[in-house]
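One structure below.
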Amino acid sequence: MQVNPHDTIPLLASLHTCAQADDAPFYTPGHKRGRGTPEALTQLLGLQALRSDLPELPELDNLFAPQGAILAAQELAALAFGAEETWFLVNGSTCGVIASILAACQPGDKIILPRNVHQSAIAGLILSGAIPIFVQPEYDAELDIAHSITPEAVSAALAAHPDTKAVLVVYPTYYGACGEIAAIACLAHQGNIPLIVDEAHGAHFAFHPDLPLSALAAGADVTVQSIHKTLSALTQAAMLHVQGGRIDRDRIRKSLALVQSTSPSYLLLASLDAARHQVATQGFELMERTLNLADQARSQVQQIPYLSVLQAKKNARILGSRSYPAHRHRFRARHRRLHGRRISPSTTRHYRRTPIPTPSHLHHQPRQHPKRSRSPNHRTHKTHKAISFPLFPSSFSLFPFPPPSSLRLPLSPRTAFFAPTQTLPIEQAIDQICAELVCPYPPGIPALFPGEPITQAAIDYLQQLLTIGGIISGCADPTLKTLQVIKNPLGQVIN
Ligand SMILES: Cc1ncc(COP(=O)(O)O)c(C=O)c1O
């Protein structure tokens with residue numbers, strides 16, 4: 001009888017065995033298998049979870065020199081996701097994106113990437129000293145969001161910068177849009193440089209033909225996936241997959257050792273093994289049912305007056321109102337109703353909501369609600385005419401970025417990060433060079449980062465975001481009354 005390798009869960013099984021052992025632990029963590037955990041925490045997590053919170057015992061292998069259960073689990077993951085080699089990550093896709101850039105670029109090397117990258121890519125630029133060649137993403141004016149970069153834009157950037165060492169794309173974007181990644185992979189490979197994919201939100205792609213092509217299937221050399229986002233691993237658990245010879249695997253290994261904890265959580269690691277087992281054995285069926293459920297949800301939301309759903313052709317997952325702010329009170333009322341039913345999207349912006357459906361919703365029991373009688377003119381709202389309104393300045397549209405070919409930063413992110421800084425009142429910071437990351441969160445796409453000129457449009461956008469209750473992270477003053485800028489920028493030596 002043929003054995004399916006995916007029937008095993010080697011790391012989870014080893015952890016289970018170790019968690020049952022009755023030893024006198026003189027190793028970390030200090031709570032000693034839950035014996036000393038504060039009662040409130042034990043009640044919250046349960047003793048079994050605490051007993052499983054174990055360090056690198058010999059049976060559990062070592063993340064940075066895997067030879068046993070971790071190696072076996074990573075090999076099974078590579079098989080399931082279509083990679084040649086897979087690394088388990090405990091610091092999220094964040095550390096995988098950073099490590100990929102560190103592996104591909106030395107200080108001063110150029111890397112092509114979209115301006116709407118996640119902040120982890122900016123961290124990768126700072127740590128590696130790579131020089132970003134930013135490509136403007138396509139922009140959806142109706143929804144005021146940036147999508148992906150086009151092959152044409154990448155091709156132009158490659159022609160202008162033939163010494164580029166890598167291309168990085170975000171696939172899908174936080175909002176679910178997928179660009180023409182296979183064409184971009186071809187362009188990168190024509191120059192024999194690697195395509196790095198931030199596939200944080202696309203870990204499920206390989207498991208159903210109706211989903212977009214997975215980055216590996218499209219030709220990516222390295223891809224990073226948050227298994228905790230769209231599959232079922234615990235928060236922070238992610239994977240980095242590699243194929244082919246364009247990316248130096250030894251540099252990946254060394255870079256991951258730089259950016260991950262030396263005390264990786266086995267709860268996270270085992271959750272990666274279990275998530276792999278789940279999708280490798282039931283992925284198609286789970287995705288099939290989830291896609292059906294998402295389709296149903298999409299068409300039902302479409303029926304709700306003042307809400308619309310971004311079209312599936314972009315594989316996006318946004319609810320929005322195109323007639324905001326004219327109907328903002330109604331839009332918000334609809335949103336409150338979703339919340340009242342304890343339906344909580346991932347992000348909420350002034351006129352957008354971003355729900356993230358996953359197979360785990362198949363287990364969700366919706367609360368029953370008494371049917372409400374509807375007003376006779378209820379349906380007429382559906383045909384409301386979208387009115388035009390001034391869009392909120394978007395970090396990707398109205399920021400007066402020059403076209404990509406001339407998009408040169410006055411200072412590299414790394415030089416700016418290490419340069420002397422001064423704190424200025426916000427109105428005096430315009431036209432200065434930014435010294436810190438200024439990042440609306442979520443989705444964690446920086447509006448300003450070290451080395452970027454500060455524009456009036458960027459400040460207006462961030463201030464409007466604060467006015468509507470947005471959170472700005474990364475900078476010293478999250479109220480944005482002040483901003484750190486580079487002191488004496490002319491005196492800085494680039495790189
Ligand atoms: C596009 C993108 N890349 C990378 C990350 C980082 O992922 P993680 O939270 O797993 O570190 C995120 C997080 O939201 C993201 O949206």
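Each residue of segment 203-208 is assigned a 3J(HN,Hα), and the resulting list reads 4, 8, 4, 6, 10, 7 Hz, derived from the Karplus form 6.51 cos²θ - 1.76 cosθ + 1.60 (θ = phi - 60°), x at Gly and Pro. Backbone amide hydrogens, once placed in the peptide plane, bring Gly202 within less than 5 Å of Ser226, excluding anything fewer than 5 places away on its chain.
Count Lys and Arg as plus one, Asp and Glu as minus one, and take only other residues whose Cβ is under 15 Å from that of Pro107; the net charge is then +2.
Projected label points at Asn4 and His16, each 7 Å from Cα along the beta carbon direction, are separated by 1.6 nanometres. Report the full-extension gain for the segment Gln296 to Cys186: residue separation times 0.36 nm, less the Cα-Cα distance, to one decimal in nm. Result: 36.0 nm gained on full extension.
Both numbers refer to the Cα atoms of segment 447-495; Rg and Dmax are 12.5, 39 Å. The phi torsions of segment 465-470, fed into the Karplus equation with coefficients 6.51, -1.76 and 1.60 and a -60° offset, translate into couplings of 4, 5, 4, 8, x, x Hz, rounded to whole numbers, with Gly and Pro shown as x.
Here is the list for segment 40-86: GluC sites (Glu not before Pro) lying in DSSP coil, each with at most 15 other C-beta atoms within 10 angstrom of its C-beta, are Glu84. Accessible-area rank, largest first, for Glu39, Glu288: Glu39, Glu288, with all protein chains present and a 1.4 angstrom probe.
In this structure the amide hydrogen of Val135, modeled in the peptide plane, comes within under 5 Å of the amide hydrogens of Leu113, Arg115, none closer than 5 places in sequence on its chain.
Centre-to-centre, using Cα atoms only, segment 231-250 and segment 419-495 are separated by 32 Å.
Across the accessible surface of segment 113-264, with the other protein chains kept in place and a 1.4 Å probe, carbon and sulfur atoms take up 53 percent. Rolling a 1.4 Å probe across the protein heavy atoms gives segment 409-491 an accessible surface of 42 Å² per residue. Note that segment 48-108 presents 36 Å² accessible area per residue, ligands and nucleic acids not counted, probe 1.4 Å. Principal axis analysis of the Cα atoms in segment 62-281 yields extents of 47, 38, 28 Å, listed in decreasing size. Per-residue 3J(HN,Hα) values for segment 180-190, derived from phi via the Karplus relation 6.51 cos²θ - 1.76 cosθ + 1.60 with θ = phi - 60°, read 7, 5, 5, 5, 5, 4, 4, 4, 4, 6, 4 Hz in sequence order (x marks Gly and Pro). For segment 409-491, the alpha carbon positions stretch 38, 24, 19 Å along the principal axes, listed from largest to smallest.
The values are calculated or read from the model by the stated rules, or taken from the named source; none is laboratory data. Remember, it's a predicted structure, so these values are computed and weren't measured experimentally. No Cβ is skipped: glycine too gets one built from the backbone with ideal geometry, and neighbour counts run over all protein chains shown. Accessible surface areas use protein heavy atoms only, side chains included; no ligands, DNA or RNA. Shrake-Rupley method; radii C 1.70, N 1.55, O 1.52, S 1.80 Å.
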